[in-house]
Amino acid sequence: MPRRGLTPQEAPLAVLLLDIEAELSIWEQGRAVWSGEQFPVAELAYHLAL
């Protein structure tokens, strides 16, 4: 949330949910194809659901 200029205490719930980040790795046949730290997984889930 620092990139948005907010602290967790002052951020609205929607921003908190969109700012859930995790390490995400994509594997194919036992080989890492892509990996990223601090990936916005909640935002990805939202767009995939659309």
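Scanning the range 15-39 for residues that are assigned to a strand (DSSP E or B) and not charged (D, E, K, R) returns ALA22, LEU24, SER25, ILE26, TRP27, ALA32, VAL33, TRP34, SER35, GLY36, GLN38, PHE39. Taking each residue of the range 1-28 that is within 17 Å of PHE39 (Cβ to Cβ) and looking for partners that are acidic (Asp, Glu) and surrounded by 10 or more Cβ atoms within 10 Å (Cβ to Cβ) with beta-carbon atoms closer than 7 Å, six or more apart or interchain, yields MET1/ASP19; LEU18/GLU43. Of all residues in the range 30-49, those that are at pLDDT 90 or above and of a type outside the set (Val, Ile, Thr) have Cβ atoms under 6 Å from Cβ atoms of residues that are in a strand (DSSP E or B) and surrounded by 11 or more Cβ atoms within 10 Å (Cβ to Cβ), 6 or more apart or on another chain, in ALA32/SER25; SER35/SER25; GLY36/LEU24; PHE39/LEU24.
The values are calculated or read from the model by the stated rules, or taken from the named source; none is laboratory data. Note that the structure is a prediction, hence the values are computed from the model and not measured. Please note: Cβ atoms are built from the backbone with ideal geometry, for glycine as well, and neighbour counts cover all protein chains shown.
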